[in-house]
Amino acid sequence: MKYLSEYRDPQLAQTLARKIRLTATRRWTLMEVCGGQTHTIVRQGIDELLEGSIEMIHGPGCPVCVTPLEQIDRAVHLAGRPDVIFTSFGDMLRVPGSDCDLQQVRARGGAVKVVYSPLDALTLAERHPDKEVVFFAVGFETTAPANAMAVAEAARRGLRNFSVLVSHVTVPPAMEAILSAADNRVQGFLAAGHVCTIMGWTEYEPIARRYRVPIVVTGFEPLDILEGMLMVVEQLERGEYRVDNQYARAVKRDGNQAAQDTVNKVFELRDRQWRGIGMIPGSGLGIRPEYAAWDAEVKFDLAGIVANEPADCHAGEVLRGQMKPFDCPSFGSRCTPEHPMGAPMVSSEGACAAYYNYGRFRQGSPLANPAMTLPILATT
């Protein structure tokens, strides 16, 4: 625990919180992009600790949450085919589609298998040459290199019974879409450190200049987030708008060139639908034509499967930072982790799941389960 406890020291957290409160001359509205950061903020009570100085709103950085409904329906369709072994990370199995989820397909006899790496799916394809093995490739820039490597490796081995259902999205276009909206309230961003370990932060620099918004690349532990918040507030108070790097122990300005080369070899930029947000031009990755033999959408002709999101689910407003989970009329009643209406309630990185699991059932209420509160808020 040595390397974690250093970033969870409650006294240092209190010191950083005091610096933020002393530095902020007004209440600033910041957005953390990553769902992992959302869970740290809500679990540790960081937002409550800084109430009055900082309002934290939660962004679209949960890969499970933003996977579009029609892509879930396509996954369900493939998983129900008798000739297919459908493979996925476990967090996608309970994400609701239009009619059912992958877990329900498995309960009905579908060959749905949880894997821990896309290379595990490649191994399945080698062991079952009589089946088509499909891997569900979701996520941001962070997971794209491993999925690209799996496609390239399948091509190298000549594995024609392996393909990938791709739903990759990229962060910078989503940040621009949020900042361009007429009802945008974001004044500063905490950027996701793990994305930047791959891509660096050069793509954020024109965004910071164009929209006059400070962006700080930040880690995921409580002290990372508090220090990142302080760095954003210091820029805002000085009227500065640039990209700073709080997560220097992991992130370099130009990222990981080898990982970027692997991604660019297999994928190309595409327009991509985001669940709850809609189409964002140039915000996704798709398999290049030279690797079409391993593209599940091409192999199984899935273009005809389309879907409309349920009108009574407010997941999109939560993902755009326009609504807190407890403002949703279905939160904690019709929508729970056991019976989710939208992906943010079922995903381990979803904002609705964070508020539900850590007891934030209504604004201003004390935590419903104080035993789950970690040291930062407990020592206030």
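The values are calculated or read from the model by the stated rules, or taken from the named source; none is laboratory data. Bear in mind the structure is a predicted one, so any value in this text is a computation, not a measurement. Virtual Cβ from ideal backbone geometry, glycine too; neighbours counted across all protein chains shown. Surface accessibility is based on the protein's heavy atoms, side chains included, excluding ligands, DNA and RNA. Shrake-Rupley method; radii C 1.70, N 1.55, O 1.52, S 1.80 Å.
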Which condition number does Gly52 fail, the rest of (1) out of contact with any strand residue (DSSP E or B) (no Cβ under 9 Å at 6 or more places or on another chain); (2) open to solvent by less than 10 Å² (accessible area, probe 1.4 Å) being met?
(2)
Consider only pairs whose beta carbons are under 8 Å apart and that are at least six residues apart or on different chains; among these, list those whose first residue lies in segment 96-113 and is touching a residue at least 12 places away in the same chain (Cβ under 8 Å) and whose second residue is hydroxyl-bearing (Ser, Thr, Tyr).
Leu102/Ser88; Val112/Thr87; Val112/Ser88; Lys113/Thr87; Lys113/Ser88
Name the residues in segment 14-52 that are modelled with pLDDT of 95 or more and of a type in the set (Gly, Ala, Ser), would you?
Ala17, Ala24
Does Ala371 satisfy the condition of being outside any loop (DSSP other than H, G, I, E, B) and at pLDDT below 90?
yes
Result of the Cβ filter at 8 Å on segment 287-311, keeping first residues that are closer than 16 Å to Gly158 by Cα and partners that are open to solvent by 70 Å² or more (accessible area, probe 1.4 Å) and part of a loop (DSSP other than H, G, I, E, B), at least 6 apart or interchain, is Ala293/Arg160
When you scan segment 249-258, do you find a residue that is over 21 Å from the mean Cα position of the chain (by Cα), at pLDDT 95 or above and among the acidic types (Asp, Glu), even just one?
yes
Of the residues that make up segment 281-289, is at least one of a type in the set (Val, Ile, Thr) and closer than 14 Å to Gln71 by Cα?
no
Exclusive hit being part of a strand (DSSP E or B), among the β-branched types (Val, Ile, Thr) and either at pLDDT below 95 or open to solvent by less than 20 Å² (accessible area, probe 1.4 Å) (or both), set Val151, Val186, Val166:
Val166
When you scan segment 328-339, do you find a residue that is closer than 30 Å to Ser163 by Cα and not acidic (Asp, Glu), even just one?
no
Quick check, is Ala343 of a type in the set (A, V, I, L, M) and open to solvent by 20 Å² or more (accessible area, probe 1.4 Å)?
no
Checked segment 114-138 for anything among the β-branched types (Val, Ile, Thr) and closer than 16 Å to Ala79 by Cβ; matches are Val114, Val115, Val133, Val134, Val138
Where in segment 1-44 are the helices (runs of 4 or more DSSP H), entirely inside, with at least 2 residues that are surrounded by 23 or more Cβ atoms within 10 Å (Cβ to Cβ) and of a type in the set (S, T, N, Q)?
35-44
Answer yes if at least one residue in segment 163-172 is in contact (Cβ under 8 Å) with a residue 40 or more places away in the chain and over 20 Å from the mean Cα position of the chain (by Cα), and no otherwise.
yes
Within segment 78-115, considering residues that are at pLDDT below 95 and open to solvent by 70 Å² or more (accessible area, probe 1.4 Å), the one nearest to the chain's Cα centre (by Cα):
Arg94
In segment 125-143, the residues that are over 21 Å from Gly276 (Cβ atoms) and crowded, with 19+ Cβ neighbours inside 10 Å
Ala125, Glu132, Val133, Val134, Phe135
Give Pro82, Pro96 a once-over and let me know the one that is over 20 Å from Pro60 (Cα atoms) and of a type outside the set (Lys, Arg).
Pro82
Considering only segment 88-100, I want to know if a residue exists there that is in contact with a Leu (Cβ under 9 Å, 6 or more places away or on another chain) and part of a strand (DSSP E or B).
yes
